[in-house]
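**Student:** Mind looking over this structure? Questions follow.
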Amino acid sequence: MTSILVPPQPKVQQSRIDMAGLEWTTFQSLVAELMPDADLTLTYGGEGLSVSQRFVDAEPPVAHVCLRGLSWQLYQALMQDVGDGRIWRAAYSQGVLELRRPSYPNEEAKQILQDFVTTVVDELGIEARSLGALTLERKDLEKAIEPDSCFYIQSEALVRGKSDIRLPDDPPPDLAIESDHANSSLNKHNIYAALGVPEIWRYRRQQLEIYLLDGTTYVRSPQSRVFPFLPIAEVPDFIESSREIGQRKAVKAFRARIQSLITESN
């Protein structure tokens, strides 16, 4: 008997982002500028634009689409059309626009990290301004990004009460939080570095990674620059414990740990 080896079939994923509110004129400009991509499908209707992208053998599941060849002017027109009431986030770098739809697990981890940062500043008795997925952009560099969350801490007084924060006239956030974004088409660190964000917290695979800006690049560090006393290695355990004891109890346990560290240092 002759055996015939059948090659494994590639695993195909389809990712979709809906852009409600996109104007017809902006859609026409998008079609004119967009680089040809056989894996991209654009569908325009009465409610706006739906963008689907096909990915082959991508792991883990993909939740973004990537548009190439877009000018800075078109990126700004697109963002103005869709406004802030959307579930996806954007990153742009010199002609490449990535639109990403956060997953529920990543959103949950991000929310708990936000609560932890708020807990630390409250226990230290210092001010902080939490601005969530604030759009950080610089026209002169043609770079923009929306973090999962961000905080002004050391620079809080410089942006306190401001309703329109613009780089580089205003400082970038002191801390940006990213929660496990796999399969990105852009180097997010390059964007953050160009914008001058001093510190990034990235939570992935049940690990909290700290990246500190050193010149024009990021260096991974075992210690936070914003909160040098914080035991980084312990933070993931508090996050994961929320699955068993609940979010508020996990935050309460984290608060007790911070209080003990502050007491020990005094």
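The values are calculated or read from the model by the stated rules, or taken from the named source; none is laboratory data. Predicted model, so just to flag it, every value in this text is computed and none were measured. In this analysis, Cβ positions are derived from the backbone assuming ideal geometry, glycine residues included, and neighbour counts consider all displayed protein chains. Surface accessibility is based on the protein's heavy atoms, side chains included, excluding ligands, DNA and RNA. Shrake-Rupley method; radii C 1.70, N 1.55, O 1.52, S 1.80 Å.
**Student:** Would you mind telling me which numbered condition in (1) surrounded by 12 or more Cβ atoms within 10 Å (Cβ to Cβ); (2) part of a loop (DSSP other than H, G, I, E, B) PRO228 fails?
**Tutor:** Against the list (1) surrounded by 12 or more Cβ atoms within 10 Å (Cβ to Cβ); (2) part of a loop (DSSP other than H, G, I, E, B), PRO228 comes up short only on (1).
**Student:** Tally time: how many residues in the range 14-48 are surrounded by 11 or more Cβ atoms within 10 Å (Cβ to Cβ), part of a strand (DSSP E or B) and of a type outside the set (S, T, N, Q)?
**Tutor:** Result for the range 14-48: 9.
**Student:** Among the residues of the range 114-133, is any closer than 20 Å to ASN187 by Cβ, in a loop (DSSP other than H, G, I, E, B) and hydrophobic (A, V, I, L, M, F, W, C)? Full working, then the answer.
**Tutor:** Taking the range 114-133 first, the residues closer than 20 Å to ASN187 by Cβ are 133.
Next cut, in a loop (DSSP other than H, G, I, E, B) only: 133.
Adding the requirement that they be hydrophobic (A, V, I, L, M, F, W, C) leaves 133.
Within the range 114-133, one or more residues are closer than 20 Å to ASN187 by Cβ, in a loop (DSSP other than H, G, I, E, B) and hydrophobic (A, V, I, L, M, F, W, C).
**Student:** Is there a residue being in a helix (DSSP H, G or I), out of contact with any strand residue (DSSP E or B) (no Cβ under 9 Å at 6 or more places or on another chain), touching a residue at least 40 places away in the same chain (Cβ under 8 Å) and surrounded by 14 or more Cβ atoms within 10 Å (Cβ to Cβ) anywhere in the range 53-75?
**Tutor:** Narrowing the range 53-75 to residues in a helix (DSSP H, G or I): 72-75.
Next, only the ones that are out of contact with any strand residue (DSSP E or B) (no Cβ under 9 Å at 6 or more places or on another chain) stay: 73.
Filter again for touching a residue at least 40 places away in the same chain (Cβ under 8 Å), leaving none.
No, the range 53-75 has no match at all.
**Student:** Only one residue in SER179, SER265, SER241, SER260 is modelled with pLDDT under 95 and open to solvent by 10 Å² or more (accessible area, probe 1.4 Å). Which one? It would help to see each step written out before you state the result.
**Tutor:** Values: SER179 fails: open to solvent by 10 Å² or more (accessible area, probe 1.4 Å); SER241 fails: modelled with pLDDT under 95; SER260 fails: modelled with pLDDT under 95.
Sole residue among the options that is modelled with pLDDT under 95 and open to solvent by 10 Å² or more (accessible area, probe 1.4 Å): SER265.
**Student:** What about ARG166, is it basic (Lys, Arg), open to solvent by 40 Å² or more (accessible area, probe 1.4 Å) and without any contact (Cβ under 8 Å) to a residue 40 or more places away in the chain?
**Tutor:** Values: basic (Lys, Arg): yes; open to solvent by 40 Å² or more (accessible area, probe 1.4 Å): yes; without any contact (Cβ under 8 Å) to a residue 40 or more places away in the chain: yes.
So ARG166 fits the description; yes.
**Student:** Kindly indicate whether ASP237 is out of contact with any strand residue (DSSP E or B) (no Cβ under 8 Å at 6 or more places or on another chain), within 23 Å of ILE145 (Cα to Cα) and without any contact (Cβ under 8 Å) to a residue 12 or more places away in the chain. Walk me through how you get there before you give the answer.
**Tutor:** Details: out of contact with any strand residue (DSSP E or B) (no Cβ under 8 Å at 6 or more places or on another chain): yes; within 23 Å of ILE145 (Cα to Cα): no; without any contact (Cβ under 8 Å) to a residue 12 or more places away in the chain: yes.
Against the criterion (out of contact with any strand residue (DSSP E or B) (no Cβ under 8 Å at 6 or more places or on another chain), within 23 Å of ILE145 (Cα to Cα) and without any contact (Cβ under 8 Å) to a residue 12 or more places away in the chain), ASP237 does not qualify.
**Student:** Test TYR211 against the criterion of being of a type in the set (Ser, Thr, Tyr), under 20 Å from SER130 (Cβ atoms) and open to solvent by 20 Å² or more (accessible area, probe 1.4 Å), and give yes or no. Outline the logic, then answer.
**Tutor:** Values: of a type in the set (Ser, Thr, Tyr): yes; under 20 Å from SER130 (Cβ atoms): yes; open to solvent by 20 Å² or more (accessible area, probe 1.4 Å): yes.
So TYR211 passes the test.
**Student:** Now, a different point. What number of residues in the range 76-104 are closer than 29 Å to PRO236 by Cα and without any contact (Cβ under 8 Å) to a residue 12 or more places away in the chain?
**Tutor:** Of the residues in that region, 1 qualify.
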